[in-house]
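Structure first, then comments.
The values are calculated or read from the model by the stated rules, or taken from the named source; none is laboratory data. Quick caveat: nothing in here was measured; it's all calculated off a predicted structure. A quick note on method: Cβ atoms are made from the backbone with ideal geometry, for glycine too, and the neighbour counts reach across all protein chains shown. These accessible areas exclude ligands, DNA and RNA; they are computed on the full protein's heavy atoms, side chains included. Shrake-Rupley method; radii C 1.70, N 1.55, O 1.52, S 1.80 Å.
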Amino acid sequence: MKLTDSEQALLDGSQGRATRKAMEILVALGHIYGAEDLVPVRSVQVSGVSFHNLGQAGLQWLEEMAVDGRARVLATLNPAGMDLEDWQGQGIDAGFAAQQLKVVGAYEAMGVAPTCTCIPYLTGNLPAAGEHVAWAESSAVAYVNSVIGARSNREGGPSALAAALTGRTPRYGLHLVRNRRPTLEVVAEDTLEGTERWGALGRVIGREAGGQVVWIRGSSRPSLPELKSLCAAVVTFGGSPLFYLQGSGPAPPPGPPPVDSMAVTAPELDEALVELADGDERVDLVCLGCPHASLAELSELVGLLDGRIVTTEMWVCTARPVADAARELGVVESLERAGVRVVCDTCFAVAPLDRPGATVATDSVKGCYYGRGHNKLRMHVGSVARCVDAAVTGRWR
Ligand code: F3S
């Protein structure tokens with residue numbers, strides 16, 4: 001792999017041990033994937049934040065890197081395992097909180113902004129089309145490629161941190177235009193509406209298309225929440241973090257159209273949602289905001305509640321800057337008056353919810369997958385309105 005003189009100097013340890021380690025990670029990855037060189041990146045989204053997933057070994061590695069590692073480009077952080085300010089209200093035990101705060105502290109020491117959100121593109125980390133970035137977090141990578149048109153592979157925690165400390169990533173995969181051409185056309189026949197149905201489309205595409213870049217055709221145009229939901233689901237279920245959507249977002253690079261085609265019908269989407277459901281009729285917790293809710297979604301939730309009070313615990317997860325803006329507008333106060341908890345910095349999938357077997361209702365297909373996997377929850381997935389009904393009545397109907 002060709003390195004510039006300055007990259008070679010980083011690899012030789014000119015800027016300290018952590019940067020040398022970071023270069024070693026990138027060079028090893030470059031060799032594995034056949035990269036010819038490294039490409040400078042404009043920004044990084046770092047995952048591997050929840051102590052629930054990292055454990056003691058992960059924290060120790062971060063603290064070692066933080067001794068002399070410093071970010072060279074804008075770097076933002078994925079959700080943590082708890083609300084960093086209101087972890088007690090969230091029911092997190094003090095031992096976990098202490099370790100989680102050390103994780104975030106290590107990242108901060110390295111100059112990674114403690115944004116703790118999976119919607120970095122709505123909170124200050126917004127690349128331009130065509131720029132190279134190195135983002136971890138499945139939903140954000142799909143969004144940055146498919147909606148914004150920037151270029152990123154799906155990074156893991158260590159490779160994203162390595163990119164932050166060096167400002168580089170190996171040039172392979174989706175950094176190369178030739179790998180960004182769609183190879184499969186997907187004809188979405190449903191009149192698609194609702195975050196849960198766009199998520200179901202993502203699940204079907206992820207499962208059926210595998211790693212192929214798909215070109216989605218159809219007459220429906222997704223809203224921002226629907227796009228977030230599609231991006232989150234497609235990668236969670238094994239799809240490429242790059243797709244094209246007819247009439248929305250960037251166009252594919254010039255080249256022959258895909259030869260292969262598949263249709264996704266309304267009954268397939270229904271089935272994809274039914275397959276995910278294994279909860280009881282009685283709902284213990286309702287969770288919205290996966291991916292994290294935008295300001296508009298928080299405001300719309302107030303409208304959907306329409307003055308009703310929830311009888312079941314309900315969370316809406318969001319980024320702290322979004323919650324701050326919503327608080328200014330009185331939106332947080334309205335939600336709290338209705339009994340809804342506005343949770344920042346985390347989500348129900350990465351926080352350690354010690355409620356195995358509890359039934360959780362959500363509109364998020366991705367959240368459904370991780371809620372079941374990470375926290376052993378039983379899940380229902382449906383529209384936001386249906387989730388609100390469950391929160392008000394305590395029943396999934
Ligand atoms: Fe974000 Fe957590 Fe969902 S990280 S995409 S809210 S699983």
Would you confirm, using the coordinates I've provided, whether Gly357 is open to solvent by less than 10 Å² (accessible area, probe 1.4 Å) and either in contact with a strand residue (DSSP E or B) (Cβ under 6 Å, 6 or more places away or on another chain) or on the phi > 0 side of the Ramachandran plot (or both)?
no
Could you tell me which of the residues Thr117, Thr123 is modelled with pLDDT of 95 or more and touching a His at 6+ places or on another chain (Cβ under 6 Å)?
Thr117
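Rundown of residues vs (1) more than 14 Å from the ligand (Cβ to nearest atom); (2) over 22 Å from Ala385 (Cβ atoms), yes/no style:
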| position | (1), (2) |
| --- | --- |
| Pro256 | yes, yes |
| Asp270 | yes, no |
| Leu285 | yes, no |
| Pro352 | no, yes |
Is the stretch 97-114 home to any residue that is over 22 Å from Gln56 (Cα atoms), outside any loop (DSSP other than H, G, I, E, B) and of a type in the set (Phe, Trp, Tyr)?
no
Can you go through Gly255, Gly211 and tell me which one is modelled with pLDDT under 95, open to solvent by 40 Å² or more (accessible area, probe 1.4 Å) and farther than 22 Å from Glu155 by Cβ?
Gly255
Tally of residues being more than 16 Å from the ligand (Cβ to nearest atom), in contact with a Pro (Cβ under 8 Å, 6 or more places away or on another chain) and part of a helix (DSSP H, G or I) across the stretch 145-177
3
Does at least one position in the stretch 319-331 carry a residue that is modelled with pLDDT of 95 or more, away from the ligand (no atom under 16 Å from the Cβ), buried (at least 24 other Cβ atoms within 10 Å of the Cβ) and within 16 Å of Asp345 (Cβ to Cβ)?
yes
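Residues are listed down the side, and each one gets a yes or a no for (1) at pLDDT below 95; (2) surrounded by 24 or more Cβ atoms within 10 Å (Cβ to Cβ); (3) β-branched (Val, Ile, Thr); (4) within 13 Å of Pro158 (Cα to Cα):
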| site | (1), (2), (3), (4) |
| --- | --- |
| Ser14 | no, no, no, no |
| Leu26 | no, yes, no, yes |
| Leu29 | no, no, no, yes |
| Val46 | no, yes, yes, yes |
| Pro79 | no, yes, no, no |
Name every residue in the stretch 79-102 that is within 15 Å of the ligand (Cβ to nearest atom) and either without any contact (Cβ under 8 Å) to a residue 60 or more places away in the chain or aliphatic (A, V, I, L, M) (or both), in order of residue number.
Ala80, Met82, Leu84, Gln100
Would you confirm, using the coordinates I've provided, whether Ala142 is free of Cβ contacts under 8 Å to residues at least 40 places away in the same chain, open to solvent by less than 40 Å² (accessible area, probe 1.4 Å) and not in a loop (DSSP other than H, G, I, E, B)?
no
